[in-house]
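Participant: Have a look at this one.
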Ligand SMILES: C[S@@+](CC[C@H](N)C(=O)[O-])C[C@H]1O[C@@H](n2cnc3c(N)ncnc32)[C@H](O)[C@@H]1O
């Protein structure tokens, strides 16, 4: 079971994404728990201010450290150890290996920034890790938080209907996934590869491995060096090169 605590200025954004399909079922089954906290509830001034002008001047507003610190202290006070993550384009770029590592945590706190970002003291004193979901800048950390909750939750045992599906996903094997097809076998003359209709699982597995290697070599050759390839894989890659 993983509990996610999300600290945000826009709690309403999280209503529908977590209220359908697998994540909804996972919450109903008690496999994951998601609590969304409004940072504004942790302000102490009359105007409930969560942001202020940057010291030294410059455009935009910066999220204040005090409400975030208070929210964090309240949220993790009586609970077991939590991993505290700040969503920021300056963080380590999220990938499947990081999702797998996070799926071993029992408690994850996600802090969503807004405006020009958060006071630097949040990253210096309050967080364990900074994560980016890619080299582009969004208006807030809410979508990145959703991406992380989704990617991590589907790795929690029991969340996916078929426990095999995460194991063969792209990146989980170090390679992109092989092509998948479903019925009909022939649509407008666009045919499913014959081998998949053969019922011979040894041949199908070999075909899938070969296609996985082919796709990865074509689209993401950078993954091959870290994929832990076998002698057989290397031979297949040589054959694919020779064929092309
Ligand atoms: C407009 S951004 C601030 C960007 C900041 N001025 C900078 O250059 O690093 C506002 C907030 O959106 C979130 N954010 C934007 N892009 C992100 C990304 N690629 N990954 C994770 N969080 C992101 C962060 O929480 C950030 O504090």
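What follows draws every value from the coordinates through simple rules; no lab data is involved. This one's a predicted model, so the numbers in the text were calculated from it and none came from an experiment. Neighbour counts are summed over all protein chains in view; Cβ atoms, including those assigned to glycine, are modelled from backbone coordinates with ideal geometry.
Participant: In what sequence do 118, 62 fall when counting other Cβ within 10 Å, fewest first?
Facilitator: The order, fewest Cβ neighbours first, is 62, 118.
Participant: Shifting gears a bit: Consider a paramagnetic label point 7 Å from the Cα of residue 20 along Cα→Cβ; state which residues of segment 139-169 have an amide N under 13 Å from it.
Facilitator: none
Participant: Under the 0.36 nm per residue contour assumption, what length would be gained going from the current alpha-carbon distance of residue 222 and residue 129 to full extension?
Facilitator: 30.9 nm
Participant: Quick one: angle between helix 65-76 and the longest Cα principal axis of the chain, in degrees between 0 and 90, rounded to 10, please.
Facilitator: 60 degrees
Participant: In the chain, how does Rg compare with the Kirkwood Rh, expressed as the Rg/Rh ratio over alpha carbon atoms?
Facilitator: 1.08
Participant: On a 0 to 90 degree scale, rounded to 10, what angle separates helix 231-243 from the longest Cα axis of the chain?
Facilitator: Between helix and principal axis, roughly 70 degrees.
Participant: In nanometres, what is the gap between the two model label sites at residue 121 and residue 198, each 7 Å from Cα along Cα-to-Cβ?
Facilitator: 6.7 nm
Participant: Can you list the residues of segment 10-35 with backbone N under 19 Å from a point 7 Å past the Cα of residue 172, pointing along Cα to Cβ?
Facilitator: In segment 10-35, the label zone of residue 172 (backbone N under 19 Å from the point 7 Å along Cα→Cβ) covers 21-27, 31-32.
Participant: Rounding to the nearest 10 and keeping the result within 0 to 90°, find how far the Cα-based axis of helix 142-153 lies from the longest principal axis of the chain.
Facilitator: Helix 142-153 sits roughly 50 degrees off the main axis of the chain.
Participant: Tell me what the chain gives for mean residue ellipticity at 222 nm when only DSSP H runs of n ≥ 4 count, each as -39,500 (n - 2.57), the sum divided by the residue total, rounded to 500 deg cm²/dmol.
Facilitator: So the helix-based figure for the chain works out to -10000 deg cm²/dmol.
Participant: Using the count of nearby Cβ atoms within 10 Å as a rough guide to exposure, how do 114, 3 rank from fewest to most?
Facilitator: Least to most surrounded, the residues fall as 3, 114.
Participant: Related question: Quickly work out the residue 28-to-residue 59 label distance, labels modelled 7 Å from Cα along the C-beta direction, and quote it in nm with one decimal.
Facilitator: Calculated label separation equals 4.7 nm.
Participant: Within a 10 angstrom radius of the beta carbon, how do 149, 137 rank from fewest other beta carbons to most?
Facilitator: Ordered by Cβ neighbours within 10 Å, fewest first: 137, 149.
Participant: Between rounded, prolate and oblate, where does segment 1-140 land on the alpha carbon gyration tensor, with a ≥ b ≥ c its root eigenvalues, rounded for a/c under 1.5, else prolate if a/b exceeds b/c?
Facilitator: It comes out prolate by the Cα gyration axes.
Participant: Report P(r) for segment 1-61: all Cα-Cα distances, bin width 10 Å, range 0 to the bin holding the largest distance, values in whole percent.
Facilitator: Here the calculated profile for segment 1-61 is 19, 34, 24, 17, 5, 0.
Participant: Once you compute Rg and the Kirkwood Rh from C-alpha atoms, what is the Rg to Rh ratio for segment 100-236?
Facilitator: 1.08
Participant: Right, here's the next one. For segment 170-243, rounded, prolate or oblate, judged on the Cα gyration tensor with a ≥ b ≥ c (square roots of eigenvalues), a/c < 1.5 rounded, else prolate if a/b > b/c?
Facilitator: Prolate, since a/c reaches 1.5 and a/b exceeds b/c.
Participant: For the chain, modelled as a GNM with alpha-carbon contacts under 10 angstrom, which of 87, 126, 102 fluctuates the most?
Facilitator: Most flexible of the set in this elastic network: 126.
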